[in-house]
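Asker: First the structure, then my questions, so here it is.
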Amino acid sequence: MLSQESVIDIQHLTKAYHTIAGEVPVLKGIHLTVRRGDFIAIMGASGSGKSTLMNILGCLDSQSEGRYLLNGIDVKSLDRDALATFRNTTLGFVFQGFNLLPRMSVIDNVALPLVYAGVPKEERYARAQAMLTKVGLAQHASHRPNQISGGQQQRVAIARALINRPTLLLADEPTGNLDTHTSHEIMTLFSDLNEKEGITILLVTHENDIAQYAQTIVHVHDGKIDRIEPTQRMKGQTS
């Protein structure tokens, strides 16, 4: 049984940007709890604040006011170096663009975060190969990114995001560059990672059918959480 400890605990979170025209509020008092093993989709129209929220959750930006605890740590209390280390060991990122290095093999792309972490070469490749097996790409380890499909490249990006065994996987429009069939293959992979591996996932998407793979949808509107609702998957209809 998965622990119900909080991975994310946000209280009274606000974000405003200072412009020539004055202060522009983007987030207006967000409260959100994400527990270990959750799979949550964040939805909202362009300009709703969902991307700003995701950047703060990913420790790529900081809030103006309020509290953000990640694994029980007050993120704003960390200095720049400590924050970078904490982010690299706690979070995995998957983006709309695959962001793979074209001159490196698939296995080298997956292993790259372990290079920065100082993991010995033999262990790096063993872990990268195991992760490629998990995402169904073991046979493509020696290929370059341009030798595999877009869906396979996204699987490589997911493997790379998970290689450091993060607490939380953040996915920002991960199917945005994929066709419908491939999008659903990627979302099935996310579902499997969540259900079988217990990986906590937070997904930003503007597509309702993609959001349905999550357990819960958080709707953001005008800088606030408008409503939180369970999906059909939560009710027992798994994808």
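The values are calculated or read from the model by the stated rules, or taken from the named source; none is laboratory data. For clarity, every value in this text was computed on a predicted model and none was experimentally measured. Neighbour counts run over all protein chains shown; Cβ positions are idealised from the backbone, glycine included.
Asker: Of everything in the range 105-119 that's modelled with pLDDT under 95 and not in a helix (DSSP H, G or I), which residue is nearest to Thr175 (Cα to Cα)?
Answerer: Ala117
Asker: So which residues in the range 54-68 are in a loop (DSSP other than H, G, I, E, B) and either more than 20 Å from the chain's Cα centre (by Cα) or of a type in the set (S, T, N, Q) (or both), if there are any at all?
Answerer: Listed by number, the residues that qualify are Ser62, Gln63, Ser64.
Asker: Identify the single condition in (1) within 19 Å of Leu132 (Cα to Cα); (2) at pLDDT below 95 that Pro230 does not satisfy, given that it satisfies every other one.
Answerer: (1)
Asker: Same structure, new question: Tell me which strands (runs of 3 or more DSSP E) are completely within the range 1-53 and hold 2 or more residues being basic (Lys, Arg), or say none if there are none.
Answerer: Output list reads 22-35.
Asker: Another question, if that's okay. Limited to the range 154-173, what total is found for residues that are farther than 10 Å from Val94 by Cβ, in contact (Cβ under 8 Å) with a residue 40 or more places away in the chain and surrounded by fewer than 21 Cβ atoms within 10 Å (Cβ to Cβ)?
Answerer: The total comes to 3.
Asker: Let me ask something else. Is there any pair linking a residue in the range 117-134 that is farther than 17 Å from Leu91 by Cα to one that is surrounded by fewer than 13 Cβ atoms within 10 Å (Cβ to Cβ) and of a type in the set (A, V, I, L, M, F, W, C), with Cβ under 9 Å and at least six apart or on different chains, and which?
Answerer: Qualifying pairs under 9 Å: Lys121/Val115; Arg124/Val115.
Asker: If a residue has to be of a type in the set (A, V, I, L, M), in a loop (DSSP other than H, G, I, E, B) and either within 26 Å of Gly118 (Cα to Cα) or modelled with pLDDT of 95 or more (or both) to count, how many in the range 140-194 make the cut?
Answerer: Matching residues across the range 140-194 total 3.
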